[in-house]
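The values are calculated or read from the model by the stated rules, or taken from the named source; none is laboratory data. These numbers were taken from a predicted model, which means no experiment stands behind them. Virtual Cβ from ideal backbone geometry, glycine too; neighbours counted across all protein chains shown. We work out accessible area using only protein heavy atoms, side chains counted, and drop any ligands, DNA or RNA first. Shrake-Rupley method; radii C 1.70, N 1.55, O 1.52, S 1.80 Å.
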Amino acid sequence: MAVVDPRGLRPSHTFPAHVLAEIHRAADQGVYEIRGFGTKRPLPGFDDLVFLGASMSRYPLEGYRERCDTGVTLGTRFASRPIELKIPITIAGMSFGALGANAKEAIGRACTAMGTSSTTGDGGMTEEERQSSETLVYQVLPSRYGMNPDDLRRADAIEIVVGQGAKPGGGGVLLGQKITERVAGMRDLPEGIDQRSACRHPDWTGPDDLAIKIQELREITGWEKPVYVKIGASRPTYDVALAVKAGADVIVLDGMQGGTAATQDVFIEHVGIPTLPALRQAVEALQALDVHREVQLVVSGGIRSGADVAKALAMGADAVSIGSAAMVALGCNKAVHVEDYQAIGTEPGYCHHCHTGRCPVGVTTQDPVLEARLRPEQGARWLRNYLTAMILELQTIARANGKSHVLNLEPEDMAALTVEAAAMAGIPLAGTSWIPGKG
Amino acid sequence: MNTVSLSLTSVRELNEQLRGAPDAGSAPGWRVTDPKGAHAVAAGLTGHVQVQIDGHVGYYCAGMNQHAAITVDGHCGTGVAENMMSGIVRIRGNASQSAGASGHGGMLVIEGNAGPRCGISMKGIDIVVGGKTGHMSGFMAQSGNLVICGDAGHDLGDSIYEAVIYVGGSAASLGADCVEKEMTPKHRSRLQDLLSRAGMERDLDRFRRFGSARKLYHFHVDHADSY
Ligand code: SF4
């Protein structure tokens with residue numbers, strides 16, 4: 001029964017409880033908050049779009065019988081060995097260091113079983129992930145931690161990381177508590193110190209240099225491997241065009257909802273634009289250069305379900321990438337070991353404490369006791385199940401819209417539920433033909 | 001001696017030939033002519049081959065080198081020997097910015113001057129510069145040795161970790177968390193060894209040693225103005 005407080009206590013809209021608590025914390029510690037996970041603020045997103053489904057003018061496909069293919073090929077522009085994926089959902093770059101070895105192995109195994117790719121991260125390639133991942137994308141990051149030409153050659157694709165959606169313009173942070181002997185050794189740094197990875201590459205700046213850098217990487221790997229360029233969503237119109245000019249085979253676009261292992265909260269919440277408008281701008285940039293589908297677009301940042309995947313593909317992406325959602329499938333924020341969530345000052349469902357290294361479910365930790373809570377076989381099974389469910393959802397939507405391949409989904413299959421989403425996604429407001437800004 | 005002219009052969013063909021070449025012990029070396037500023041010349045070599053390049057090269061010459069001994073008889077562009085793992089790369093002229101960036105091992109010798117950010121993010125490589133270096137050299141240098149026989153530009157060793165910098169001339173200014181350290185007998189002998197391996201004779205008494213004050217290793221509110 002609701003209690004009416006006779007004093008009429010009224011919380012401040014400007015200073016709600018979490019803002020008050022943050023000011024108190026800042027006053028206490030004199031430093032910004034560093035945390036993991038991703039943005040927590042409400043943002044226009046894929047939930048603001050719906051599919052129209054088939055009707056008189058479009059015929060649906062039978063739900064369980066008629067084929068609806070999901071395979072995609074990435075890197076067809078210049079590489080002699082493009083990547084063939086059975087599903088259009090890949091796993092985003094997450095470092096060994098941020099994640100424990102068991103989590104990396106679970107991801108690799110699940111990806112191999114599903115016929116998709118996983119990605120290394122800041123800190124280099126581990127033997128476990130190379131062994132467990134049939135298709136592995138090797139990131140070239142500003143820090144160049146663990147960067148090794150042998151690993152470059154045994155990767156299946158190369159991803160040059162310019163930025164990340166959670167922090168476009170920022171470098172990585174890995175706090176000292178997560179820097180074990182093995183992590184430190186891979187990064188050539190002392191154990192236990194805070195690692196602030198560089199935000200700019202050490203040997204190139206700007207698109208003209210990037211073109212030469214890509215040429216060098218292709219020389220070193222015999223022009224075989226697709227070269228991806230990953231950008232955080234800040235100015236996709238220009239960044240996508242410049243990455244195409246620099247010679248990318250694939251663009252990876254990470255929206256503001258993308259996750260991070262450890263970044264300043266102010267960065268996560270206040271820098272970059274959401275995935276929805278960034279994706280539209282990126283597709284328009286590719287279309288303007290007449291390379292849409294020739295240079296493939298992989299989009300990430302806030303993808304959680306088959307519906308999200310379907311909407312991203314319908315807007316023009318060739319594939320999506322998931323990071324946070326994959327971690328959730330591995331047990332992140334699950335209501336188990338509740339006392340350990342409380343010990344780090346949080347509760348299941350609210351946790352963003354990857355930066356502490358004390359992950360209660362063993363995903364983002366190097367602590368042997370905590371890490372043992374995630375068995376690679378179990379984690380792989382969870383992630384595989386989750387990906388399978390997403391694909392079934394994706395096919396359900398595609399068939400309902402009469403598509404025999406998920407890449408045949410198109411903007412015309414959708415309507416927007418809010419004016420904001422209509423404007424950002426370039427999809428008409430439901431019940432109208434109106435796209436704000438377009439007449 | 002195998003001779004390849006980059007007027008007649010593409011960089012791609014050259015690099016394929018160099019990667020497929022037998023180790024130097026039994027085989028003749030390679031001479032590359034007419035590089036004319038080409039990029040990625042002799043990048044990604046993996047064997048103990050000897051390569052002599054006659055002329056100026058562009059970006060990323062000898063990038064990610066493993067084992068090979070590469071000499072450039074000329075100047076070179078950005079990122080020479082970037083992320084080198086092993087072997088020796090010698091530049092008889094000057095090197096542009098980011099020479100030896102993120103190098104993990106081996107030795108890079110620049111007989112002339114080096115531009116800005118020489119040894120940026122270095123991770124175990126030894127770099128010996130006969131002349132001067134530009135600003136921000138040794139930026140975020142993690143491990144290895146950077147020897148600058150002449151003067152160092154502004155903000156030397158900014159945010160340096162465990163790399164060691166020796167300067168024979170003067171440093172225009174030191175970057176955040178970089179401090180002068182005592183030149184112990186151990187460091188003198190290391191410096192002597194580095195110079196000998198680089199084939200340079202210098203007066204050891206002129207050199208000073210710089211490294212990390214290690215104050216930025218953990219975030220501390222009292223150091224906030226250094227970030
Ligand atoms: S449960 Fe683990 S992975 Fe999830 S937010 Fe918390 S610390 Fe990070």
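The table that follows gives values for the structure above.
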item	result
Gained length - residue A:177 relative to residue A:41, 0.36 nm times residue gap less alpha-carbon distance	46.2 nm
With every protein chain in place, region B:2-226: carbon and sulfur % of accessible area (1.4 Å)	47
Cut-off 13 Å between beta-carbons: net charge of the residues surrounding residue A:190, Lys and Arg +1, Asp and Glu -1	-2
Lysine pairs with alpha-carbon atoms under 26 Å apart, chain B, spacing 8 or more or separate chains	9
Potential extension, residue A:26-residue A:417 segment - 0.36 nm per residue separation minus Cα distance	136.9 nm
Neighbour net charge for residue B:169 - beta-carbon separation under 10 angstrom, K R +1, D E -1	+2
Residue A:33 versus residue A:305: modelled label distance in nm, points set 7 Å from Cα along the beta carbon direction	2.7
Shielded residues, region A:207-240 - accessible-area loss of 30 Å² or more between chain alone and all protein chains, probe 1.4 Å	A:209, A:212, A:215, A:216, A:219, A:220, A:223
Of all accessible heavy-atom area on chain A, the percent that carbon and sulfur account for (1.4 Å)	55
Peptide B:117-127 - average C-beta neighbours from other chains (10 Å radius)	3
Cα shape, region A:235-314, gyration tensor, a/c 1.5 rule	oblate
Å² of accessible area per residue within region B:14-57, as computed with a 1.4 Å probe and no ligands counted	41
Computed magnitude of the charge dipole of region B:2-226 (debye, nearest 20; Cβ of K, R +1, Cβ of D, E -1)	240
Point-charge dipole on Cβ atoms (K/R +1, D/E -1) for the protein assembly as shown, about Cα centre, debye to 20	200
Relative contact order of region A:1-118, pairs being alpha-carbon contacts under 8 Å that are 6 or more residues apart, as %	14
Test item: A:137-150 mean partner chain Cβ contacts at 10 Å	4
Residue B:197 paired with residue A:52, simple spin-label distance in nm, labels 7 Å along Cα-to-beta-carbon	6.9
Share of Cα-Cα pairs in region B:2-226 lying beyond 27 Å, as whole percent	31
Nearest-0.05 FRET efficiency for residue B:13 and residue A:238, computed from C-beta distance (R0 51 Å)	0.90
Percent of beta bridges antiparallel (DSSP, chain A, rounded to nearest 5)	30
Loop-resident sites, region A:289-395, for GluC sites (Glu not before Pro), counting at most 16 other Cβ within 10 Å (DSSP)	A:294
Accessible area expressed per residue, chain A, with surrounding protein chains retained (probe 1.4 Å, Å²)	41
Spatially proximal aspartates and glutamates relative to residue A:104 (Cα-Cα < 14 Å; intrachain offsets below 8 disregarded)	A:122, A:127, A:128, A:129, A:134, A:371, A:377
Net lengthening on full extension, residue A:290/residue A:73 (0.36 nm per residue, minus Cα-Cα)	76.3 nm
Cα lying deepest toward the dipole's positive end in region B:2-226, options B:120, B:143, B:101, charges on Cβ	B:143
Relative contact order computed over region B:2-226 (Cα-Cα under 8 Å; 6+ residues apart), in percent	10
Qualifying trypsin sites (Lys or Arg not before Pro) in region A:1-73, DSSP loop, other Cβ atoms within 10 Å at most 14	A:7, A:40, A:58, A:65, A:67
Förster radius 41 Å - calculated FRET efficiency between residue A:15 and residue A:150, Cβ distance, rounded to 0.05	0.15
Helix-derived mean residue ellipticity, 222 nm - over chain A, DSSP H n ≥ 4, -39500 (n - 2.57), to 500	-10000 deg cm²/dmol
Average other protein chain Cβ within 10 Å of Cβ, residues A:195-205	6
Given charges at Cβ of Lys, Arg, Asp, Glu: region A:178-304 dipole, positive-most of A:276, A:206, A:242	A:276
Rounded to 5, percent antiparallel among DSSP beta bridges of region B:2-226	15
Interface size A-B, as summed buried accessible area [1.4 Å probe, Å², nearest 100]	3000
Cβ-Cβ FRET estimate between residue B:23 and residue A:131, R0 fixed at 45 Å, reported to 0.05	0.95
Ordering of A:9-21, B:172-184, A:296-308 by packing [mean C-beta count within 10 Å, highest first]	A:296-308, B:172-184, A:9-21
Region A:35-107-region A:187-259 distance, computed between alpha-carbon centres (Å)	21
The protein assembly as shown: C-alpha pair distances exceeding 45 Å, %	24
Protection proxy ranking of B:130-138, A:169-177 - average other beta-carbon atoms within 10 Å, highest first	B:130-138, A:169-177
Relative packing of peptides B:37-44, A:240-247 - highest average C-beta neighbours within 10 Å first	B:37-44, A:240-247
Cleavage-rule hits, GluC sites (Glu not before Pro), region A:30-68, DSSP coil, Cβ neighbours within 10 Å at most 13	A:62, A:66
Dipole of the protein assembly as shown [Lys/Arg +1, Asp/Glu -1 at C-beta], most positive-end residue of A:68, A:256, A:9	A:68
Overall dimensions of region A:17-130 as given by Cα atoms, namely Rg and Dmax in Å	21.6, 64
For chain A: relative contact order, % (alpha-carbon pairs under 8 angstrom, 6 or more apart)	23
